[in-house]
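Here's the structure, in structure tokens; my notes come after.
The values are calculated or read from the model by the stated rules, or taken from the named source; none is laboratory data. In this text the structure is predicted, and so the values were computed from the model without any measurement. Reconstructed Cβ throughout: ideal geometry from the backbone, glycine too, with neighbour counts over all protein chains shown. For the accessible areas, the whole protein counts, side chains as well, though only heavy atoms, and no ligand, DNA or RNA atoms are used. Shrake-Rupley method; radii C 1.70, N 1.55, O 1.52, S 1.80 Å.
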Amino acid sequence: MAAYDAVVLAGGAAKRLGGADKPAVRVGGRALLDRVLAACADAGRTVVVGGRRPTVRPVRWAREEPPGGGPVAALHAGMRCVSVDTVLVLSADLPFLGPQTVRRLRDALGAGTAEAAFLVDEDGRDQPLVAAYRTEPLRRALGLLAAEYGSLAGLPLRLLSHELDLVRVDTDPFAAFDCDTWDDIAAARTRIREHGTVLDEWITAVKDELGIELDVDTTLLLALASDAAHGVARPAAPLTTFLVGYAAAGAAGQGEAAVAEAAAKASALARRWEEEADGSGPDAG
């Protein structure tokens, strides 16, 4: 798949949030901007248009002219830093955007001759800030708007769709969920604690906090914790998983394989303890 750059719009006054610093608002313990940056982590270059701030990974910074000039002006500022033929354009308030949606947008753009692939939300509305674009047609469209209106400041994003040949992508309806109000923030915080997603959300948050890129086999580690809890004692579960992680960290360069090997050894040891306790082991009299 062709390389791509990403432009993330992280400015705006956030009036419906009472002027709060929206990209820094946390959902699941992670800033909204960091959640978006994680979704496009494989971008060749990521440009964030907005005020500088700490981020989960290195980015390039840009600012729109004039400051507060709106999303089209911000997009134009970001595009000055793009160096490849495909650019992913995102807003910084998408708590449920994931790499799979990014890939679907890029796949849709690459599959034909369209100049942009827009995500469509559950109400059928185009989302120009969850979209993949061909770089030169997007630059051309921005140039046409600047020529027609004299300035890009204050222009609505929907004007872009009039200048481009589009393909539309339906995907996970939550991928387009954006946080404009405190009610939206509350809804997002509630959803990530739902039973089917809470462990993945928590593990991702911990990995970001600790700067870990290792893929985690949740099923494997939960089975290890269960073996330790039942075969030894409940407090053994967290202590054992910690020790497995420590052992894996010492196996330089082996990553997930080291975790799996250490977990298998610890699980087998816990089962031997359990067998001794109930008299079912090979040495039972």
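Descriptive notes on the structure:
Listed here are the residues, each with its yes/no results for (1) buried (at least 19 other Cβ atoms within 10 Å of the Cβ); (2) within 20 Å of V8 (Cβ to Cβ); (3) touching a residue at least 24 places away in the same chain (Cβ under 8 Å).
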{"residue": "Q127", "(1), (2), (3)": "yes, yes, yes"}
{"residue": "G143", "(1), (2), (3)": "no, no, no"}
{"residue": "G150", "(1), (2), (3)": "no, no, no"}
{"residue": "L160", "(1), (2), (3)": "yes, yes, yes"}
{"residue": "D172", "(1), (2), (3)": "no, yes, yes"}
{"residue": "A176", "(1), (2), (3)": "yes, yes, yes"}
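- Qualifying residue in segment 80-88 (condition: of a type in the set (V, I, T), open to solvent by less than 40 Å² (accessible area, probe 1.4 Å) and at pLDDT below 95): no
This table checks each residue for (1) in a helix (DSSP H, G or I); (2) without any contact (Cβ under 8 Å) to a residue 12 or more places away in the chain; (3) crowded, with 23+ Cβ neighbours inside 10 Å.
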site: V8; (1), (2), (3): no, no, yes
site: G11; (1), (2), (3): no, no, yes
site: R16; (1), (2), (3): yes, no, no
site: G19; (1), (2), (3): no, yes, no
site: P23; (1), (2), (3): yes, no, yes
site: L33; (1), (2), (3): yes, no, yes
site: V36; (1), (2), (3): yes, no, yes
site: D42; (1), (2), (3): no, no, no
site: V48; (1), (2), (3): no, no, yes
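- All positions within segment 61-85 that are in contact with an Asp or Glu (Cβ under 9 Å, 6 or more places away or on another chain) and without any contact (Cβ under 8 Å) to a residue 40 or more places away in the chain: A77
- Checked against the criteria, P54 does not count as closer than 26 Å to L210 by Cα, of a type outside the set (G, A, S), open to solvent by 50 Å² or more (accessible area, probe 1.4 Å) and touching a residue at least 24 places away in the same chain (Cβ under 8 Å).
- Tally, over segment 158-182, of residues that are of a type in the set (D, E), closer than 17 Å to E136 by Cα and not in a helix (DSSP H, G or I): 1
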